[in-house]
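See structure below.
What follows draws every value from the coordinates through simple rules; no lab data is involved. Computed from a prediction, not measured in an experiment: that's the story for all the values here. Neighbour counts run over all protein chains shown; Cβ positions are idealised from the backbone, glycine included.
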Amino acid sequence: METECYYCRGIVLANEADDILLDDHADHSVYMHKQCGKSHDVIKERTGSTAAVEIICPECGAVETRQ
Ligand SMILES: [Zn+2]
Ligand SMILES: [Zn+2]
């Protein structure tokens with residue numbers, strides 16, 4: 001299956017720590033590079049005791065949290 005970045009259409013790799021895959025999510029899958037999501041302000045990194053990343057789905061606006 002092709003996994004294209006939602007923003008730049010580059011290939012997103014599932015085994016890359018910096019790539020974001022929203023594949024178990026609603027009825028659509030969204031992939032993006034972390035840097036692309038950040039530049040479009042849909043990725044928020046939370047710092048503190050539990051470092052997590054919040055991703056806002058550009059398709060439907062749902063917020064996903066990743067460790
Ligand atoms: Zn990209
Ligand atoms: Zn969505």
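Are there any trypsin sites (Lys or Arg not before Pro) in the chain that are in a DSSP loop and have at most 14 other Cβ atoms within 10 Å? List them by number.
Passing sites in the chain are ARG9.
Over the chain, what per residue volume does the convex hull of the Cα atoms give, in whole Å³? Working shown, then result.
Values: hull volume 5.9 nm³, N = 67.
Convex hull volume per residue, Cα atoms: 88 Å³.
May I ask you to sort ILE43, ILE20 by Cβ crowding, counting other Cβ atoms within 10 Å and putting the fewest first? Numbers along the way, then the final one.
Values: ILE43 19, ILE20 22.
Least crowded to most crowded, the residues run ILE43, ILE20.
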